[in-house]
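Okay, structure first, notes after.
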Amino acid sequence: MRYSGGTSLCSEFITENAMFNYPVTARLCSICRNDSSNRIIQASEMMYGTKESFAYLHCAACGVVHLLDIPADMSRFYPAQSYYSFHTAGYRLRATMKRWRDTLQEGSTPAAGWIRRRLPNVALSAMTLAAPSRSTRVLDVGCGDGALLRSMALLGYKQLTGVDPLLTAASQESGIRLLKGRLDIVQGQFDLISFHHSLEHIPDQVETLRQAAERLAPGGIVLVRIPTSDSLAFTAYGPNWVQLDAPRHLYLHSHRSIAHVAAQAGLSVRELLCDSQPMQFWASDMYCAGVPLMSPAARAFKRRHLRRYREMSHWANEQLRGDQIVVTLVPA
Ligand SMILES: [Zn+2]
């Protein structure tokens, strides 16, 4: 495995960082039920930096990494004042720039290409590729405050529904219906049902995908964007990999284990791509140094190796070794 720049940068990078010797456990994998040669990884809460420790199982058979014992009360790990899915608007200037980016990123002009490379909204790109028609009925599961659906409305989409248990209340605005709750409360059929970094937070993986499959209109698809354990970043950083996000991320699927749960829900993988970003490296560097993601030091870590990490992310995505996957599922 060699880096596209002609050096062995990525293999050197893994050798430098991967020094983990995880203990073996007899505990069962909750996805494939394998109980042989599974390993335990202890990871700390590092988004806010409480550094509470949580045990994850890495399955020797299907490759999933999953939280072993889910805390009875998860709400304390999603503080309403600061959890990122509900604070996407930011300052007025930043919000204006994001709207400008979202409306300009489509198209084939040089400006649109530059925006896609340097200021990507990868969630929006995945949605517009999956739903070229503006009349697509869209359901976004775990929609946060609805920022992605608002970006789609700006592009002309009119049938947009979002559902999230952490919303304070249901609401309706031009073309966008937001529901407070889980997927099981949603009625109707949809052409595109998406999970943008939400499925990994949900305890029952198969039942959730089954509920999505039941709500698909004929010809519809389920789009899952999710962190993956089949990645350069997980291999290199282990317990300090930012996307473990202990204990909020319950399941870090491998390419094989996401296909396994999809099959149990009556779905099959039509396409699997990577859309990982430089954050997989710079934020994991922060965790190696014991610095929480919410620290003011984040800006310095982000800038330190940004060019190198951007190149490595592109390379990892091309090799299907990026730490985020975009999976298109269709009825089996
Ligand atoms: Zn397994």
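Read-outs throughout are calculated quantities, based only on the coordinates presented, and are distinct from any laboratory measurement. Just so it is clear, the structure is predicted and the values come from calculations on it, not from any experiment. Virtual Cβ from ideal backbone geometry, glycine too; neighbours counted across all protein chains shown.
Below are the figures for this structure:
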quantity: In sequence order, calculated HN-Hα J values of segment 177-185 (Karplus, 6.51, -1.76, 1.60; Hz; x Gly/Pro); calculated: 10, 10, 10, 8, x, 9, 4, 5, 8
quantity: HN-Hα J in Hz across segment 232-241 - Karplus 6.51, -1.76, 1.60, θ = phi - 60°, x for Gly and Pro; calculated: 3, 5, 5, 4, 7, 9, x, x, 9, 5
quantity: Most to least packed among 71-80, 313-322, 184-193, 252-261 [average Cβ atoms within 10 Å]; calculated: 252-261, 313-322, 184-193, 71-80
quantity: Rough spin-label spacing in nm, given labels placed 7 Å along Cα→Cβ, for F20 and K158; calculated: 4.9
quantity: Amide H partners (placed H, <5 Å) of S194, local residues excluded; calculated: L139, D140, V141, L223
quantity: Estimated FRET transfer efficiency (Y48, A169; beta-carbon r; R0 35 Å; 0.05); calculated: 0.85
quantity: Whole-Hz couplings from phi, Karplus 6.51/-1.76/1.60, listed for segment 212-225; x for Gly and Pro; calculated: 5, 4, 5, 9, 7, 6, x, x, x, 9, 10, 10, 10, 10
quantity: Calculated FRET efficiency for the pair T109/A72, C-beta based, R₀ 41 Å, to 0.05; calculated: 0.20
quantity: Gain in span if fully extended, S37 to S125, counting 0.36 nm per residue against the direct Cα distance; calculated: 27.8 nm
